[in-house]
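> Have a look at this one before I ask anything.
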Amino acid sequence: MGGLYMKAVVYQGNGVVKVQEVEKPTIIKADDAIVRVTTAAICGSDLHIIHGVLPVDPGTVIGHEFVGIVEEVGSAVTTVKPGDRVLSMAGINCGKCPTCRSRKVWACPNGGIFGNGPMFGNLQGVQAEFARVQYADEVLTKIPDQLEDEQVIFVGDILATGYLGITGVKPDDRGLIKPGGSVAIYGSGPVGLCTLAAAQIYGAAKIIMVDPLEYRLEMAGKMGADVLINPDKVDPVKAILEATNGLGAELAVEASGSDEALYNCIHSVCAAGTVNILGIVNKPIQLDFSKLIAKNITIEAGICNVIHTQELLDLISAARIDMMPIITHTMPLADAEKAYDIFDKRTDGVVKIILKP
Ligand SMILES: [Zn+2]
Ligand SMILES: [Zn+2]
C-alpha cells in the first residue's frame, strides 16, 4: 500500500458490513502509532454491532482484535518503533490517569474500544490494512520473535477476558479457584475456550463445558475439558451436580450471553462458590434472592481488563497456553462479508475467524 486509501471492513447500518476503500489513517497526536495490520480477527462482540445491540455509526471501520507491524510513530512514542511486530489491546487507555494507574484500564476516561461506536470512544476499527493506535506506548506490546501472529492475537481481547473469568474481575484478584478446584463454563465459543485454558493454568481438576453446539463441545474436549454437557440433551444443572458429587462447581463462568445460562450458573455453583459473568446478557433478568442468600455465593461480572499481557505472552511462549486450535477459518480481509455471514450463522464448524489484509 502506502497510498492514501486502504481496504477496511465498514459498517453500513442495518446489520450490513462491506469491504470498502477508506482513507488510510495518519498520525494525529504525538503518542499515536500507525500499525500495518497483518492479522485481524472477528469477535463475538462484532456480532452485537451487526445485530444492532451495540450502536455504531454507519461508515465506521469495525473490528478490535489485531496484530501487525508498526509503520510510523508519533514523536512521543518510545516503546515501539517502525518495523516492530506488535500485539494490540482491543482498546486504548491513556496509562496516566488515576484509573489506569490502579490497573482498571478498561475504565480509562480517555479510553475506548476500536470500532465499538460512541459508547466506547467512537474509534475506528482494525479490520483494515492499517490502524491508528492512540497511546501507543500503553496499547502496543512487542511480540517475541518466535511467536506467530495467530499464537498471540487473542491476548489483547478474548484470552484476556477468559483469563479474567478465572482470576476474578478485580485488578488484584489472583484466582477464583484453588488447585484441584472445579469450574463449569457455560459457552464453548472463543471466550469459553479461552476460559478453559485459563482454568487449566489455575490448576482446575475438573472443567465442565456446557454448549448446545456439539462441534464446539468436541473442541473443548480436545483442549482438555473433563465433562461435556449439551443443554439441549440433558439438564445442565443436574449434570453439573452429578459431576461434582452433588456439591456444584466452585466457579461457574457465564461465557455465552444467555440469560438461561446465567440462571443455570447460579443453580450449579457450590455453596460459597463464585459466579463470574463474562457474556453480555442483553436484557434485564430477575433473580430470586431468597434462593441465593442461603448459598453464600459471590456474583461478579466484567468486561476485559487487559492487564495480564506479559503473563499471557510468557505462558504462550512456554507452550502452557495454545489458543491456535480455536482458529477454524483464515480468510482474506476482502472476503470479510462472507466471513461475517459464517460467523454469525455458526455454519461450517466455525469457532474463530482470522482475516488477513
Ligand atoms: Zn472482542
Ligand atoms: Zn487512563
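The values are calculated or read from the model by the stated rules, or taken from the named source; none is laboratory data. Note that the structure is a prediction, hence the values are computed from the model and not measured. Note that each Cβ is placed from the backbone with ideal geometry, even for glycine, and that neighbours are counted across all protein chains shown.
> Can you name every residue in segment 322-357 that is outside any helix (DSSP H, G or I), closer than 26 Å to R36 by Cβ and not charged (D, E, K, R)?
Hits for segment 322-357 are M323, I327, T328, H329, T330, M331, P332, I353, I354, L355, P357.
> Continuing with the same structure: Just checking, how many residues over segment 299-310 are outside any loop (DSSP other than H, G, I, E, B) and either without any contact (Cβ under 8 Å) to a residue 40 or more places away in the chain or surrounded by 16 or more Cβ atoms within 10 Å (Cβ to Cβ) (or both)?
3
> Okay, moving on. I need a count of the residues in segment 327-345 that are exposed (fewer than 14 other Cβ atoms within 10 Å of the Cβ) and more than 17 Å from V19 (Cα to Cα).
The qualifying residues number 1.
> List the residue pairs whose Cβ atoms are under 6 Å apart, where the first residue sits in segment 36-47 and is closer than 15 Å to I342 by Cβ, the second is among the aromatic types (F, W, Y) and more than 16 Å from ligand 2 (Cβ to nearest atom), and the two are 6 or more positions apart or on different chains.
Every condition considered, the pairs that remain are I42/F343.
> In contact with a Gly (Cβ under 7 Å, 6 or more places away or on another chain), modelled with pLDDT of 95 or more and of a type in the set (A, V, I, L, M): does that describe L159?
Here the answer is no, as L159 does not meet what is asked.
> Tally time: how many residues in segment 88-108 are more than 8 Å from ligand 2 (Cβ to nearest atom) and part of a loop (DSSP other than H, G, I, E, B)?
Residues in segment 88-108 being more than 8 Å from ligand 2 (Cβ to nearest atom) and part of a loop (DSSP other than H, G, I, E, B): 5 in total.
> Identify all residues within segment 19-53 that are away from ligand 1 (no atom under 16 Å from the Cβ) and of a type in the set (S, T, N, Q); write none if there are none.
Hits for segment 19-53 are Q20, T26, T38.
> Moving on. Given the condition farther than 20 Å from N116 by Cβ, out of contact with any Asp or Glu (no Cβ under 6 Å at 6 or more places or on another chain), free of Cβ contacts under 8 Å to residues at least 60 places away in the same chain and assigned to a helix (DSSP H, G or I), answer yes or no: does some residue in segment 13-33 qualify?
Checked against the condition, which is being farther than 20 Å from N116 by Cβ, out of contact with any Asp or Glu (no Cβ under 6 Å at 6 or more places or on another chain), free of Cβ contacts under 8 Å to residues at least 60 places away in the same chain and assigned to a helix (DSSP H, G or I), segment 13-33 yields no hits at all.
> Can you go through I293, I240 and tell me which one is over 30 Å from G52 (Cβ atoms), part of a helix (DSSP H, G or I) and touching a helix residue (DSSP H, G or I) at 6+ places or on another chain (Cβ under 8 Å)?
Among I293, I240, only I240 is over 30 Å from G52 (Cβ atoms), part of a helix (DSSP H, G or I) and touching a helix residue (DSSP H, G or I) at 6+ places or on another chain (Cβ under 8 Å).
> Does segment 137-187 hold any residues that are within 16 Å of ligand 2 (Cβ to nearest atom) and surrounded by fewer than 23 Cβ atoms within 10 Å (Cβ to Cβ), and which are they?
D137, E138, P171, listed by residue number.
> Let me ask something else about it. Could you grab me the full set of residues in segment 196-220 that are in a loop (DSSP other than H, G, I, E, B) and either modelled with pLDDT under 95 or surrounded by fewer than 24 Cβ atoms within 10 Å (Cβ to Cβ) (or both)?
Residues satisfying the conditions are Y202, G203, A205, P212, L213.
> Can you find a residue that is within 14 Å of ligand 2 (Cβ to nearest atom), assigned to a loop (DSSP other than H, G, I, E, B) and at pLDDT 95 or above anywhere in segment 39-52?
No, that holds for no residue.
> Count, please, the residues in segment 55-72 that happen to be of a type in the set (A, V, I, L, M), within 13 Å of T141 (Cα to Cα) and buried (at least 21 other Cβ atoms within 10 Å of the Cβ).
Number satisfying all stated conditions: 2.
Residue-by-condition table, conditions (1) at pLDDT 95 or above; (2) within 13 Å of ligand 1 (Cβ to nearest atom); (3) buried (at least 21 other Cβ atoms within 10 Å of the Cβ):
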site	(1), (2), (3)
D84	yes, no, no
I92	yes, no, yes
P98	yes, no, no
Q127	yes, yes, yes
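> Also, I was wondering about something else. Within the group V61, V56, V105, V70, which residue is away from ligand 1 (no atom under 16 Å from the Cβ) and modelled with pLDDT of 95 or more?
Exactly one residue qualifies, and that residue is V70.
> Just to check your reading of the model, which residue among L193, L164 is assigned to a helix (DSSP H, G or I), farther than 17 Å from D322 by Cβ and either within 16 Å of ligand 1 (Cβ to nearest atom) or touching a residue at least 24 places away in the same chain (Cβ under 8 Å) (or both)?
Of L193, L164, the one residue that is assigned to a helix (DSSP H, G or I), farther than 17 Å from D322 by Cβ and either within 16 Å of ligand 1 (Cβ to nearest atom) or touching a residue at least 24 places away in the same chain (Cβ under 8 Å) (or both) is L164.
> Within segment 109-136, which residues are within 16 Å of ligand 2 (Cβ to nearest atom), in contact with a Lys or Arg (Cβ under 9 Å, 6 or more places away or on another chain), assigned to a loop (DSSP other than H, G, I, E, B) and under 21 Å from V56 (Cβ atoms)?
Listed by number, the residues that qualify are N110, Q134.
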